[in-house]
1. Does residue 46 meet the test of being out of contact with any Phe, Trp or Tyr (no Cβ under 6 Å at 6 or more places or on another chain) and part of a strand (DSSP E or B)?
2. So the check is Cβ under 9 Å with 6+ separation or different chains; which pairs have a first residue in the stretch 48-62 that's among the aromatic types (Phe, Trp, Tyr) and a second one that's assigned to a strand (DSSP E or B)?
3. Considering only the stretch 110-155, state which residues are farther than 23 Å from residue 95 by Cβ, among the small types (Gly, Ala, Ser) and not in a loop (DSSP other than H, G, I, E, B).
4. Check the stretch 25-42 and report whether any residue there is within 14 Å of the ligand (Cβ to nearest atom), over 17 Å from residue 113 (Cα atoms), polar (S, T, N, Q) and not in a strand (DSSP E or B).
5. Can you tell me which residue is farthest from residue 166 (Cα to Cα) among those in the stretch 43-85 that are aliphatic (A, V, I, L, M) and more than 16 Å from the ligand (Cβ to nearest atom)?
6. Based on what the data block shows, is residue 106 more than 22 Å from residue 18 (Cα to Cα) and of a type in the set (Ser, Thr, Tyr)?
Amino acid sequence: MAEASRKTNLLKKPGACPENYPCHIFRIADAEKAHNEFHGRLIRNYGDQVWLRDGSILHSNHVWDDGGRRLLRCKDCGGLLLKQTSEFHGIYGEDGYYEDWIPVATEEEGEMLNILLDALELENYPCRHLRGNNCSYMWIGDEEAKPCDPEDLKRRILEKYRLKSMDVFRKRKRRE
Ligand SMILES: [Zn+2]
């Protein structure tokens, strides 16, 4: 418990790269094993779409028929992961189930990436991350992921969606 709160405090230091980034599973070469070794708890459920305060939808959080995004914290190392799931419902029962697990440095970075990246962009995340394809896992992406500056992500969000301010997003109540 003391260990967990020490790590949370570290995350609040602006500009600091948390010592638990990326989560320990990113150092496991075998992707199946890495997936099996991850035990997380839910930090945020971002749901299946990103909404603006006026009720309009900015983008969907899944590529196919069903799915969504969650921010999870590793129970072993405290590292954060943004997980997107996308389910394809085939008319003859040949469903497809896809997952992408992206390392995230802070809760704020997770929130900003959720807003910035639409479902396809997250699926094609260029940096090394864990991909699930019908429950078979692999590492994809060439470059090592690096923590992003949340202020830079905000600038990219405003530019990409031609917004004047971040106030158009619903404020989330923190569950403390
Ligand atoms: Zn971990």
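Just so it is clear, none of the values below were taken in a lab; they were calculated from the coordinates. Because the structure is predicted, anything quoted here is derived from the model rather than measured. Virtual Cβ from ideal backbone geometry, glycine too; neighbours counted across all protein chains shown.
1. Working: out of contact with any Phe, Trp or Tyr (no Cβ under 6 Å at 6 or more places or on another chain): yes; part of a strand (DSSP E or B): yes.
When the stated conditions are applied, residue 46 passes them.
2. As it stands, the answer is 51/57; 51/58; 51/169, since those pairs meet every condition given.
3. Result: 110, single match.
4. Keep residues of the stretch 25-42 that are within 14 Å of the ligand (Cβ to nearest atom), which gives 25-28, 33-41.
Keeping just the survivors that are over 17 Å from residue 113 (Cα atoms) gives 25-28, 33-41.
If we keep only those that are polar (S, T, N, Q) too, we end up with 36.
Okay, now just the ones that are also not in a strand (DSSP E or B), so 36.
Yes, the stretch 25-42 has at least one match.
5. At the first step, the residues of the stretch 43-85 found to be aliphatic (A, V, I, L, M) are 43, 50, 52, 57-58, 63, 71-72, 80-82.
Next, from what is left, pick out any that are more than 16 Å from the ligand (Cβ to nearest atom): 50, 52, 57-58, 63.
Working: 50: 13, 52: 10, 57: 15, 58: 13, 63: 25 Å.
This residue is 63.
6. On the way: more than 22 Å from residue 18 (Cα to Cα): no; of a type in the set (Ser, Thr, Tyr): yes.
For residue 106, the condition - more than 22 Å from residue 18 (Cα to Cα) and of a type in the set (Ser, Thr, Tyr) - is not met.
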